[in-house]
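Working notes for the structure below.
Nothing in this text is a laboratory measurement; each read-out follows from the coordinates by a stated rule. Predicted model only: the values in this text are computed from it and were never measured. Positions of Cβ are backbone-derived with ideal geometry, glycine not excepted, and every protein chain shown enters the neighbour counts.
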Amino acid sequence: MWLYARLQRPIVINLFSLLIRKKNLFRFTLSFESLRVKSTFYFNFGYLVFILSAISIFNSNCSLNPNNEKSIASDATVSASEILSVSITQMKDLNSFYFKSSGSISASETLLLTQIQGAIIKPDYMNLEINGSYASGLVFKTRLISNNGESFILNPLNKKWEAVSENFNPTGFFAPHQGIAKIMTGLYDIRLSTENSSRNYYHLHGNIDSSSLNDLLGEIPTQSQIKVSLSIGKNNKLLYHAKLNGKFIGSKPATDLFIDISKHNQPVNIETPIIE
């Protein structure tokens, strides 16, 4: 058993090395008492007056409601570049957030990463859960913690924490806060979506070069255009969701990669694992 653990340790560290390289239009109530109708003509006339009155009130509410005018004006006058610029500043000022990426990323010819999620604190704290699979179909789940220059990885075979070499600092290769900033600053051909309008989010679309993803995904197939969609909060201008469409696996066509950002600047419990 000791020999088996020793043999598996390089595989775990190599796995970590490969990994590191690589967000009712209106409502009204009319109360009236029933009228005693003596003739059919009188009833029909009263009914017509009621319908015309209701239509008049509806049109008045829709056209004079200041909240409607304010909402329409704010969305119509703001530009995509202005929204993005403010959001970039807001995201750079964050000290912590919760990061989640979903979608297949190739770490090597035999290793596929399917999900990475966890807490991020600037400048160098990460507490991540990593899911993936080998070419053989074997799936794995591990954890990575990095803090103050020290990094630890959970051996998926024996479920024990192991220290990573001091010469190998994961925050120098995988830095979500820097990676997200580069996605936003590298965005071009930016446009504000009107088709998917939302009360809570601005939806921006654009493109980035593959080099803009180096800090987030490591090395991916070189390509000049990766499609990006961003969901930015209307109230706080923070990024909540990103969708990327491009070639993240060399031998396969373009696929979608989803990134979710949550718990902006919420307290994070910093953990340091115990090495047995």
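As a ratio to 2.2 N^0.38 Å, the alpha-carbon radius of gyration computed for segment 177-252 takes the value 1.14. In this calculation the C-beta distance from Ser262 to Ser198 is compared with R0 = 25 Å, giving a FRET efficiency of 0.90. Ordering 106-119, 261-274 by mean Cβ neighbour count within 10 Å, with the highest value first, yields 106-119, 261-274.
Extending 7 Å from the Cα toward the beta-carbon at both Asn148 and Glu219 defines two label points whose distance is 3.4 nm.
Between Gln117 and Lys227, the modelled labels are 2.5 nm apart [label points 7 Å from Cα along Cα→Cβ]. Spin-label model, Ala163/Ser108: points 7 Å from Cα along the beta carbon direction are separated by 2.4 nm.
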